[in-house]
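The values are calculated or read from the model by the stated rules, or taken from the named source; none is laboratory data. Everything numeric here is computed off the predicted structure, so don't read it as measured data. Here Cβ is always computed from backbone atoms with ideal geometry, including for glycine, and neighbour counts include all displayed protein chains.
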Amino acid sequence: MSGLRFDNRVAIVTGAGNGLGRQHALLLGSLGAKVVVNDLGGGAFGDGKSSAAADKVVEEIKELGGDAVANYDSVEDGEAIVKTAMDAFGTVDIVINNAGILRDTSFAKMTDNDWDLILKVHLTGSKSVTQAAWPIMREKGYGRIIMTTSAAGLYGNFGQANYCAAKLGLHGLAQCLAEEGRSKGIHVNTIAPIAKSRLTETILPPDILANLKPENVSPLVAWLCHEDCEETKGVFEVGAGYISKLRWERTLGHTFPLGRQFDIDDVVKKWDKITDFTDAEHPKNTNDSVAPIFANISNPSLGGNEFIDLDEAVKGELVLESEYDERDVALYALGIGAAHDPLDNSELKYVYEMGSDFSVLPTFAVMPQSGAMLSAAKTGQFSMPGMSFGLDRLLHGEQYTEIHRPLPANAKLKHIFKFKEAFDKDPNAVVTFAISSVDEDGNEVAYNEMTSFVKGAGGWGGDRGPSGDINVPPEREPDAVIEEKTDDNQTLLYRLSGDWNPLHADPNFAKAFGYDKPILHGLCTFGYCGRHVIKAFSDNDPRYFKSIKVRFAKNVFPGETLVTRMWKESDTRILFETTVKERNEVVIKNAAIELFSEIPEDKPVATKQASSGDAQPTESAVNEDVTLDDVFSAVSQYVASKPDLAEQVKTGFQFKFSNPDTAWFIDLKNGSGSAGAGEMDKPDVTIELDTKHVDTLFGGNMGEVQKLYFGGEMKLSGNIMASNKLTVLSGMDPELVEQARAKRVAAGGSNETAAPPTEAQDTEITLADIFAGVGEFIASKPELVADVSTSFQFKFSNPDSTWFIDLKNDAGAAGAGFVEKPDVTIELDTKHVDTLFGGNVAEVQKLFFGGELKLSGNIMASNKLSALSDMDPKLVEAARDKRLQEGTSAAEASVTTAKREPSATAIFAALKERALSGDFSLSGSPEVQFNVTDPDTSWVITGEAGNWEVYEGSSDSAKTVFTISDQLLEALAKGERSAKDLYQHGELRIDGDMMLAHDLEQFKGLA
Amino acid sequence: MNRRVNVIGVGMTKFAKPGSSADYHEMAREAGTIALKDAGIDYSEVQQAYAGYVYGDSTCGQRAVYELGLSGIPVINVNNNCSTGSTALYLARQAIEGGLAECVIALGFEKMERGALGSKFNDRENPMGKHVQVMLDSQGFTSAPPAAQMFGGAGREYRWEHSIKRETFGQIAVKARDHASRNPYALFNQPMSLEEIMASEEVFDPLTRFQCCPPTCGAGAAILCSDEFAKKHGIDNPVYIAAQAMTTDFASSFEEQSMIKMVGYDMTKSAAAQVYEQAGVGPEDVQVVELHDCFTANELITYEGLGLCPEGGAEQFIWDGDNTYGGKYVTNPSGGLLSKGHPLGATGLAQCTELVWQLRGMADKRQVENANIALQHNLGLGGACVVTMYRRD
């Protein structure tokens, strides 16, 4: 015994006359507790009343040396029971609510009496006794209370509606009392026992009951009642020696943002998520319970409606790609009225790409992204998360465009569209998207903000946004004014730059929208304005242009005259406003252009110093930096150390590095995985990257890797999502790379870029592993030899090695070298060994019919190899692991050809005897020679009838020369193979007179 | 209705080794154009086309025939392994003989890869599956080219049964080289000695390299017509098909565990018997034979299959020179598959071409004297065998 005792503790055990209660009472009593043994003395069904049971238990406790008194009151009268304790022992420390009865009946037939009685005894009874003891415990600051619930209550059970309700009620009672008693040192725990008792013996079969002894429950109860036990509020399932704790589990669920309507359909849509226990949590109390609810309350929905869902919008982004070249640039310039005078040198540079000063108009920066968006919209591909309205609702309201340096004449760009903000101008909405256009090196080329008026999409009760105007021009006269007439067909020219909206071309369409004729594109006017400011304030040098912000106020019709009035607010800031001269209407307002004070650097500063030159070793010097070899060598080691990785990840990664160009792979798909140089078969994803970014790639920071991708520095093809699985390598110890580097440097930098690291190879399965595995398997199945009775000889090529599986002799064996008299010999390239033992007979046959697998001997016997098909592949892996542990390389494990004693000597000796005795004869009087191979011997038979001579040696006058291996000569001599069969198989070669070949059948019986 | 079928035009390309030929449709154009010119008719007169080839996607036949003209006639693609060409000829003959057409063309072409034959579709049952099984059971499988193992295996079996010398097979190749040296259309034009033949690399005992036909590219064509058509076009005394039979495998190919039977000996024997029966003449009346010598071993057993010599008599037949000029027959005056080459789809029509030339007395240096009855034997594993007898009165 551990010494855990209950001396001076007073325990009340209800229903202690029999079963569990009795056992609890006996155990506590035997450990020093003073026990009130309560038992009404009734039957299991609440019938009758007798004092005998309780008295008997009191006697038993006393016999064990304990102290106990009996109490015969109903548990409904808890005061009386507690009074017994107070009278006898002066206090109460422990209450074990155990008493109970059954009134099982189906719910349909259940009477009020059935219901009330059960609830009274179990629930009210437990409450009654506990409540009577409660003030005593509170006062002394100590108490241990046990409630007895049941699996029926926790999980439900047929025919026990009353009992289930009462039992789960007890659980609820205990949960509450645990909280109320927590500060007073009162611990309340609940057990759900299963034991043989008067209550269960009518339900369970006797053989099970025999194992469900109450003695197997009481130790848990005693511990929970001990002063050392800190457990409270626990629920335990216990029985037949099994004890476990139960807790609540809750799915992560789904949170509908508050402030947004959701209805039955939304619930159904989210049902899978609501009921998905993946990553479930385990709330312990009501605080835990309501935490997500309060969290949702404190993070209300950003709002939205059927058109605009701000909660979705803030989370999402859209990436589109586009490219442009000089032609697009020039066409755009023409579209916004540049070089209208073809002899004007100041603008010819915008359209004449062969000129030395060919320049891109800065406002072109708005075009690639809007072109990409419109192009995507045309095919229905433009869909911003959370935005569910058609382009027909959209009215371009404001535009902000910024560049960091003059735009290149051509570029391939990636545009990242993000939602910036939305305002509720009920009934309409104003939405702003921010678009970052980055080039292939990840440098931002242009930043745009497009603010649009969305008709009818407002009304979600959101912020109306700032009111008041910005960029309001001063009262004074403008510092410059430029007036320019647009052409009548201006829109037709401009639209070729990408905005295909028929509103700008189709007169009927325009009429339908209430215009007399097609209107000019807002961004076309925008372009005119940009040109005007450049002309007026930067001496026609577009390189000073930094940004432009405009608000589109009214439409312009092509052919109208634009008047741009400009105010210089500072050297770098120009406010402007554009009106249509003919109608005297302001069309662009609240507008400003910012200029650089100095022309920015033409080329972007490289984000990281290129290290292509020194990332690879030169021929003479050892590169001490970490190289790709080191990295992949380390990955290879890591993969080898985690044989389960491939099974989990099931993905093949192909890497193509540039500067310098190299190819590497991480195969977490085939076998137990590998990594190394070169290309793998059918990768899931291909990752292209500059060598300089390799640190980032394997640095474990997914955010940095994503940046490379979105910045266009990393290209993915194939299954792009599969690239995420690279994170499995994040558990790799960076020290491995350092070790690989150190090892390489120490080895004088032998850095074979094209060859996979050797460390990886040794971890691969070798023939030695396979045959060791087969050997294990054979040892585990002694009946195989009798069943199969066949021996297999394997001759592998590339590299050459010889192995055998003997399922014929003794207990069977497998290993390197030769088996005596194999039934079948299998010749195969080592690379096909997986197929051979892969268990797929069709694949093996393919090798055979393809001529890659050569069989000799009893070919059909090769089928018996299938006896190995139920071998556990783990045996091979185990053999490999063992080999690795023992540090044996594959080369050391392979065994060279075993020596074989020639059989020919004995056979020809026997032949000589037979010839002497006249039992052997060749046709005619010829001379024949045998060339026996493996081991090589040569024999001659010469003479004539009655006088044959057999000797070892050779002859120049042999009429027939037979060539056969020593082994097959023995097979012939033993009669296992016929001469014809050997000949037809090409195993017996016959040069010269064939007639004599038939005489070879006489060799039968010579061995 | 059994009408006489005349062969009024033949043509072939010079056979070439893989990689040095024109494309298939160009070769077909050349052979077809020569055949049309030989017949003296315009392509518009041709009512149907039977185009044979083994290697190529579907409807190569059309593509090839379109080189001759686009008259919308039926074009039937024929694929029957090594006997493809004569199978096209067989169908063409049936069309004329049955009165279904007056003039048709049988065209065969093949653009082959280098190296031994192999299967292209390995994701399905091998058409030779049953044949291979016989081989597996009787001699196993080695890394040698499968066809060489099959025919070589038949050679082994023959050799065991009849105790012939290995050189007897080689002697057939010597003869083939000799014949081919007289044929400008042949791939190999140089004679070769028995020593050279035997000393060449052993492919599969008893076959050495020069006893195996080479992969070849080429095309052949024949124009077939009815008597009425020939008469209308003023064609006088044309070569005609006296008899023709086609067989496929019998149970003996698979059930007798005999390599000789497996490679089609009984197909040959049965087709030949039918031809002799139909024509009313026996092998002894034949002067010139083009037979399927894909390997020397097959020529040897085919002598017996066609009844050119008694069973077991092939070795004697060969060493007596009864298979060449001055002997009982001239077999494969063209050089045969062994030396002229074996473009699978074209072979049957090249054999036809050679025999028509022989019967017309147009075979130049290889002309067989007084040839008026010719026999053609074309065999494919898988299997099919077509035996055709040509006559010119």
- Tell me which of these A:Met566 doesn't satisfy, since it passes every other one: (1) surrounded by fewer than 24 Cβ atoms within 10 Å (Cβ to Cβ); (2) part of a strand (DSSP E or B). (1)
- Say whether the condition of being under 23 Å from B:Ser200 (Cβ atoms) and polar (S, T, N, Q) is met by at least one residue in region B:83-102. no
- State yes or no: is B:Ala154 within 11 Å of chain A (Cβ to nearest Cβ), among the aliphatic types (A, V, I, L, M), touching a helix residue (DSSP H, G or I) at 6+ places or on another chain (Cβ under 9 Å) and part of a loop (DSSP other than H, G, I, E, B)? no
- Item | Where a residue in region B:198-211 is within 14 Å of another protein chain (Cβ to nearest Cβ) and under 16 Å from B:Phe141 (Cα atoms) and its partner, wherever it lies, is among the charged types (D, E, K, R) and not in a loop (DSSP other than H, G, I, E, B), with Cβ under 6 Å and at least six apart | B:Val203/B:Arg209; B:Pro206/B:Arg166
- Go through A:Glu227, A:Glu237 for me and flag whichever is among the acidic types (Asp, Glu), in a loop (DSSP other than H, G, I, E, B) and surrounded by 12 or more Cβ atoms within 10 Å (Cβ to Cβ). A:Glu227
- Message: Here is a list: B:Thr216, B:Thr168. Which entry is away from every other protein chain (no Cβ under 14 Å) and crowded, with 19+ Cβ neighbours inside 10 Å?
- Response: B:Thr216
- Query: Restricting the search to region A:928-959, which residues are farther than 30 Å from A:Thr802 by Cβ and of a type in the set (A, V, I, L, M, F, W, C)?
  - Reply: A:Val928, A:Val940, A:Ile941, A:Ala945, A:Trp948, A:Val950, A:Ala958
- Message: Being buried (at least 24 other Cβ atoms within 10 Å of the Cβ), within 20 Å of the chain's Cα centre (by Cα) and of a type in the set (Asp, Glu): is that true of B:Glu110 here?
- Response: yes
- Query: If you go through region A:71-95, how many residues are buried (at least 24 other Cβ atoms within 10 Å of the Cβ) and among the small types (Gly, Ala, Ser)?
  - Reply: 2
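To keep it simple, each residue is scored yes or no on (1) under 26 Å from A:Thr561 (Cβ atoms); (2) among the hydrophobic types (A, V, I, L, M, F, W, C); (3) part of a strand (DSSP E or B); (4) under 51 Å from the mean Cα position of the chain (by Cα).
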{"site": "A:Ala434", "(1), (2), (3), (4)": "no, yes, yes, yes"}
{"site": "A:Met450", "(1), (2), (3), (4)": "no, yes, yes, yes"}
{"site": "A:Trp460", "(1), (2), (3), (4)": "no, yes, no, yes"}
{"site": "A:Asp469", "(1), (2), (3), (4)": "yes, no, no, no"}
{"site": "A:Val481", "(1), (2), (3), (4)": "yes, yes, yes, no"}
{"site": "A:Leu493", "(1), (2), (3), (4)": "yes, yes, no, no"}
{"site": "A:Leu496", "(1), (2), (3), (4)": "yes, yes, no, yes"}
{"site": "A:Phe509", "(1), (2), (3), (4)": "yes, yes, no, no"}
- Message: Give me the residue from region A:953-1007 that is basic (Lys, Arg) and away from chain B (no Cβ under 14 Å) and, out of that set, farthest from A:Gly857 (Cα to Cα).
- Response: A:Lys1004
- Task: Scan region B:124-141 residue by residue and report those that are surrounded by fewer than 19 Cβ atoms within 10 Å (Cβ to Cβ) and either among the small types (Gly, Ala, Ser) or more than 9 Å from chain A (Cβ to nearest Cβ) (or both).
- Result: B:Arg124, B:Glu125, B:Pro127, B:Gly129, B:Lys130, B:Gln133
- Message: So A:Phe771 passes all but one of these: (1) buried (at least 17 other Cβ atoms within 10 Å of the Cβ); (2) farther than 19 Å from A:Ser862 by Cβ; (3) of a type outside the set (Val, Ile, Thr). Which condition number does it fail?
- Response: (2)
- Conditions (1) in contact (Cβ under 8 Å) with a residue 24 or more places away in the chain; (2) away from chain A (no Cβ under 14 Å) -> B:Pro191 fails only (1)
- Of the residues A:Gln929, A:Gln984, A:Gln967, which is out of contact with any helix residue (DSSP H, G or I) (no Cβ under 8 Å at 6 or more places or on another chain), within 23 Å of A:Pro822 (Cα to Cα) and buried (at least 20 other Cβ atoms within 10 Å of the Cβ)? A:Gln967
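Would you check if there is a residue in region A:512-522 being assigned to a helix (DSSP H, G or I) and modelled with pLDDT under 95? Walk me through how you get there before you give the answer.
First, the residues of region A:512-522 that are assigned to a helix (DSSP H, G or I): A:512, A:522.
Going one step further and asking which of them are modelled with pLDDT under 95, we end up with A:512, A:522.
The answer is yes; a qualifying residue exists.
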- Message: Considering only residues that are in a helix (DSSP H, G or I) and of a type in the set (Asp, Glu), which ones fall in region B:254-281?
- Response: B:Glu255, B:Asp266, B:Glu277
- Message: On the basis of being modelled with pLDDT under 80, part of a loop (DSSP other than H, G, I, E, B), among the polar types (S, T, N, Q) and closer than 28 Å to A:Gln967 by Cβ, does A:Thr888 make the cut?
- Response: no
- Find the helices (runs of 4 or more DSSP H) located wholly in region A:776-869 whose residues include 2 or more that are free of Cβ contacts under 8 Å to residues at least 60 places away in the same chain, over 39 Å from the mean Cα position of the chain (by Cα) and away from chain B (no Cβ under 11 Å), and list them. A:783-788
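If I filter region B:294-307 for residues that are more than 19 Å from the chain's Cα centre (by Cα), in contact (Cβ under 8 Å) with a residue 24 or more places away in the chain and within 24 Å of B:Val263 (Cβ to Cβ), do I get at least one hit?
No - not one qualifying residue is present in region B:294-307.
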- Residue identified as surrounded by fewer than 24 Cβ atoms within 10 Å (Cβ to Cβ), over 11 Å from the mean Cα position of the chain (by Cα) and either at pLDDT 95 or above or in a helix (DSSP H, G or I) (or both) among B:Pro333, B:Pro310: B:Pro310
- Message: Suppose the filter is buried (at least 19 other Cβ atoms within 10 Å of the Cβ), more than 10 Å from chain A (Cβ to nearest Cβ) and not in a helix (DSSP H, G or I); does B:Phe121 pass it?
- Response: no
- Taking only region B:344-368 into account, find how many residues are of a type in the set (Val, Ile, Thr), under 22 Å from B:Gly327 (Cα atoms) and part of a helix (DSSP H, G or I). 1
- Query: Can B:Gly115 be described as within 14 Å of chain A (Cβ to nearest Cβ), over 30 Å from B:Ile73 (Cβ atoms), assigned to a loop (DSSP other than H, G, I, E, B) and not basic (Lys, Arg)?
  - Reply: yes
- Message: Taking the conditions exactly as written (outside any helix (DSSP H, G or I), of a type outside the set (S, T, N, Q), within 11 Å of chain A (Cβ to nearest Cβ) and under 24 Å from the mean Cα position of the chain (by Cα)), does B:Ala144 satisfy them or not?
- Response: yes
- Would you be able to say whether some residue in region B:157-165 is away from chain A (no Cβ under 11 Å) and either surrounded by 24 or more Cβ atoms within 10 Å (Cβ to Cβ) or in contact with a Lys or Arg (Cβ under 9 Å, 6 or more places away or on another chain) (or both)? no
- Determine, yes or no, whether A:Asn211 is assigned to a loop (DSSP other than H, G, I, E, B), without any contact (Cβ under 8 Å) to a residue 60 or more places away in the chain and either among the polar types (S, T, N, Q) or touching a Cys at 6+ places or on another chain (Cβ under 7 Å) (or both). yes
